[in-house]
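Inspection log for the structure reproduced underneath, given as structure tokens.
The values are calculated or read from the model by the stated rules, or taken from the named source; none is laboratory data. Owing to the predicted nature of the structure, the values given are computational and were not obtained by experimental measurement. With ideal geometry, Cβ positions are generated from the backbone for all residues, glycine too; neighbour counts draw on all protein chains shown. Note: areas computed on protein heavy atoms with side chains; ligands, DNA, RNA excluded. Shrake-Rupley method; radii C 1.70, N 1.55, O 1.52, S 1.80 Å.
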Amino acid sequence: MSKQASNFQKKAMRPMYRGKEIFKPVNEVYRFKTDGFHGELFRPERDNYPGKALICFSGSDGRFEWTRMLAQVFQAHGLTALALAYVAEEGLPKAFYHVPIDPLEAAAKRLHGMSYEKVGLWGISKGAELALTAGSLLPGLVNAVVAVAPMNTVCQGFSEETGIPIMPGSAWTFHGEEVPYTPFGLDKFPTGQVVWKSLKAREVTMYDLYIPLVQNPNPAAVIQAESITGPILLISSKMDTMWPSEAAAEQIMKRLRENNFSYSYQHLSYDYGGHLFVPMELRLAKFFRGDRGKYKELSREARMDSLTKTLEFVTRW
């Protein structure tokens with residue numbers, strides 16, 4: 001990597017790491033009680049992608065703050081981004097159980113009503129599961145999907161309370177109906193097993209818990225990605241040991257091929273990087289081997305390349 005490119009990456013990522021905003025515009029803020037969704041709209045000073053907007057959200061950490069940070073990354077590159085919360089905010093569920101997709105539908109309608117002709121979704125991990133599921137359920141409203149560290153099936157719900165209870169139903173609902181899901185096949189979360197394997201691997205891993213869901217999903221719960229009315233970009237890392245995102249992405253690609261998906265679709269599989277494959281620095285990344293030590297700089301290069309590829313994807317869609 002050239003010194004100039006390296007400096008660009010550090011400059012682009014440093015503000016997000018410290019939690020500082022790149023711009024200080026007056027952003028539109030939305031709340032579930034009044035608007036039907038909880039979010040914040042980040043408009044760029046110069047719009048490089050007129051008529052397009054990206055709704056982005058985080059994974060199972062549920063933190064809206066780093067979703068806002070991510071939206072600022074896209075804003076800094078001239079793309080309008082709506083940071084969206086789907087759990088853990090006022091009016092929204094506290095657990096990843098029966099989380100309604102309806103607020104995302106309301107957000108997409110709002111953006112279309114603001115003359116954004118094309119509205120895409122960007123989600124990571126649990127958020128990638130949401131992005132693909134919502135995209136399949138909202139044809140016309142969703143015009144593109146970027147799924148980072150994706151899952152090919154809707155999963156069973158869970159809570160982040162002590163012991164991580166497994167909930168008796170789907171992670172998602174839509175228009176009041178439960179979205180079909182693939183169950184874990186367990187009565188309770190295998191905390192001891194997960195802790196032991198994570199200590200052995202020297203990073204947080206739930207890979208073995210999710211492998212059966214990826215390989216043998218409930219047919220009714222497989223995400224119908226072919227119903228998405230727009231192009232799809234899947235991004236994964238071969239070093240993702242949190243869950244089998246690369247294998248899940250390949251299952252999605254296979255389904256799209258078999259259904260003769262009419263829009264463009266691509267899977268970017270990177271050699272380096274952990275589960276938190278985002279174009280910014282997060283302190284949580286230290287819990288994954290692919291983002292620390294000898295892999296730290298390689299991971300950063302891969303994640304920044306994924307940002308470049310994502311913006312190219314937005315240009316084409």
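Points to keep in mind about this one:
- Local net charge near Phe174, Cβ-Cβ under 15 Å (Lys/Arg +1, Asp/Glu -1): -4
- Cα gyration tensor category, rounded, prolate or oblate, for segment 242-317 with a/c compared to 1.5: oblate
- Proximal charge balance of Leu111 [Cβ under 14 Å; K/R count +1, D/E count -1]: -1
- The value given for segment 43-135 is a Kirkwood hydrodynamic radius of 13.3 Å, derived from the mean inverse Cα-Cα separation.
- Restricting the calculation to Cα atoms, every distinct pair contributes to the Kirkwood radius of segment 149-240, found to be 14.9 Å.
- Note on Ser262 and His112: the extension gain reaches 51.7 nm, defined as 0.36 nm multiplied by sequence separation minus the Cα-Cα distance.
- Phe32 contributes an accessible area of around 70 Å² to the protein surface, as traced by a 1.4 Å probe with all chains present.
- Between segment 94-171 and segment 271-314, the alpha-carbon center distance in angstrom: 22 Å
- Ordering 102-113, 226-237 by mean Cβ neighbour count within 10 Å, with the highest value first, yields 226-237, 102-113.
- Accessible area of the chain belonging to carbon and sulfur atoms, whole % at 1.4 Å probe: 51 percent
- Gyration tensor (alpha-carbon) shape descriptor, segment 94-213, a/c threshold 1.5: prolate
- For a label point 7 Å along the Cα-to-beta-carbon line of Lys309, residues of segment 203-232 with backbone N under 19 Å: 231-232
- In the chain, the calculated helix contribution to ellipticity at 222 nm averages -11000 deg cm²/dmol per residue, counting -39,500 (n - 2.57) for every DSSP H run with n ≥ 4.
- Exposure of Arg289 as accessible area (Å², to 10), given a probe of 1.4 Å and all protein chains: 90 Å²
- Net +/- balance of residues flanking Phe96 in space, Cβ distance below 15 Å, scoring K and R +1, D and E -1: -3
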